[in-house]
Amino acid sequence: MSLLNLRPGLISRIPIRSIPALNSKNSLRLLSNSIINYNGTRKEKPINLDPEPLKTNDTTHFGFQTVSKDKKEKLVAEVFSSVATKYDIMNDLMSLGIHRLWKDHFIAKLDAGKRLNSNKEINFIDIAGGSGDIAFGLLDHAEKKFGDVESTMLVTDINADMLKEGEKRAQANGKYWNNSRVKFLVQDAEKLDQVKDNSMDIYTVSFGIRNFTDIQKALNTAYRVLRPGGVFYCLEFSKIENPLLNFGYNQWAKVLPVIGSVVANDYNSYEYLVESIEKFPDQETFKGMIEKAGFKSVGYENLTFGVCAIHWGIKV
């Protein structure tokens, strides 16, 4: 049964195939207290014995640190400015290359595109989508499967350096460069102050929402900009349920920052990115946050035993 049976006008354009979801509540332990030096020796990290600052409404986490919300925005911006030119390499390292298969499944499962019996195009908004891979993949799918060459795509990212990478990709393939259907816009996902209420049909975010300063606020904003019947659709790293697989991934995660140092000359950014997975809510908790924003028919599907998950909800 389609998840979009709540809005007949939209169902003809964007049905989602329902796939049973697996629940996972175990946390993903990712980092040790040691750093492996280039010469193969192990150096213990100094342990901070000072108590972690108490969290308040003005603070949040940046990896394992507690920082002010304003500071987190700046720190995350620095991370993604640093990794922007090697973003695909970063995702290859974080997922052992499987992120490409996850993204293909993400796009195919959504199965979005203007149907022949519809007289209205789909308005997509891809959040934290600076690299353009999801945005262009969605438009390619819509054209290839449904002959849709009318639907529009708004690609937003809070980081201008990431958007530049998406523009470079569009220019390289030529298809979506200087195309009136595709627009790149610097926007804070928690505000989207240049996006009108009830103006979008599909809101996608891929491997981005865990980096938001206030995830609940971003979900509330997603609800605001979607039309009734619109779809919230998210792909993000999550929690592994199988203890053996969880242990194996943990061992890999321990060395990711070191590999980031070698490949991208950037230890700190990769350390944060691994820690950000640890801090992101488990599947059931995040599902509850989506429901709190007002979405209905909320669900999720675990991929690769919960290494990542697809989450969705419908605005009614």
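The values are calculated or read from the model by the stated rules, or taken from the named source; none is laboratory data. Quick caveat: nothing in here was measured; it's all calculated off a predicted structure. Here Cβ is always computed from backbone atoms with ideal geometry, including for glycine, and neighbour counts include all displayed protein chains. Protein only, heavy atoms only, side chains kept; ligands, DNA and RNA dropped before computing areas. Shrake-Rupley method; radii C 1.70, N 1.55, O 1.52, S 1.80 Å.
So which residues in region 105-132 are of a type in the set (Phe, Trp, Tyr) and more than 25 Å from residue 196 (Cα to Cα)?
First, the residues of region 105-132 that are of a type in the set (Phe, Trp, Tyr): 106, 124.
106 - this is the single residue of region 105-132 that is of a type in the set (Phe, Trp, Tyr) and more than 25 Å from residue 196 (Cα to Cα).
Could we say that residue 213 is part of a loop (DSSP other than H, G, I, E, B), surrounded by 15 or more Cβ atoms within 10 Å (Cβ to Cβ) and in contact (Cβ under 8 Å) with a residue 60 or more places away in the chain here?
Details: part of a loop (DSSP other than H, G, I, E, B): yes; surrounded by 15 or more Cβ atoms within 10 Å (Cβ to Cβ): yes; in contact (Cβ under 8 Å) with a residue 60 or more places away in the chain: yes.
Considered against the rule, which asks whether it is part of a loop (DSSP other than H, G, I, E, B), surrounded by 15 or more Cβ atoms within 10 Å (Cβ to Cβ) and in contact (Cβ under 8 Å) with a residue 60 or more places away in the chain, residue 213 comes out as yes.
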Item checked: Subset of region 92-118 that is surrounded by 15 or more Cβ atoms within 10 Å (Cβ to Cβ) and of a type in the set (Asp, Glu) - its residue that is farthest from residue 257 (Cα to Cα) -> 111
Margin query: Under 6 Å between Cβ atoms, which residue pairs at least 6 apart in sequence (or on different chains) link something in region 149-169 that is within 10 Å of residue 182 (Cα to Cα) with a partner that is among the charged types (D, E, K, R) and surrounded by 17 or more Cβ atoms within 10 Å (Cβ to Cβ)?
Written below: 151/114; 151/121; 155/126
Checklist line | Test: residue 193 is under 15 Å from the mean Cα position of the chain (by Cα) and open to solvent by 10 Å² or more (accessible area, probe 1.4 Å) | finding: no
Notebook entry, point to check: Residues of region 94-127 being among the small types (Gly, Ala, Ser) and either assigned to a helix (DSSP H, G or I) or at pLDDT 95 or above (or both), which ones?
Noted result: 95, 108, 112, 113
Check: So is residue 199 open to solvent by 10 Å² or more (accessible area, probe 1.4 Å) and either in contact (Cβ under 8 Å) with a residue 60 or more places away in the chain or aliphatic (A, V, I, L, M) (or both) or not?
Finding: yes
Next item on the list: Of the conditions (1) of a type outside the set (Gly, Ala, Ser); (2) buried (at least 21 other Cβ atoms within 10 Å of the Cβ); (3) within 23 Å of residue 156 (Cα to Cα); (4) without any contact (Cβ under 8 Å) to a residue 40 or more places away in the chain, residue 224 clears all except one; give me its number.
Entry: (2)
Check: Looking at (1) on the phi > 0 side of the Ramachandran plot; (2) open to solvent by 20 Å² or more (accessible area, probe 1.4 Å), which is the only condition residue 281 fails?
Finding: (1)
Note to self: List pairs: first residue in region 288-304 and in a strand (DSSP E or B), second residue open to solvent by 20 Å² or more (accessible area, probe 1.4 Å) and of a type in the set (A, V, I, L, M, F, W, C) anywhere in the structure, Cβ distance under 6 angstrom, at least six positions apart or on different chains.
What the structure shows: 296/316; 297/3; 299/21; 300/21; 301/19; 301/21; 302/22
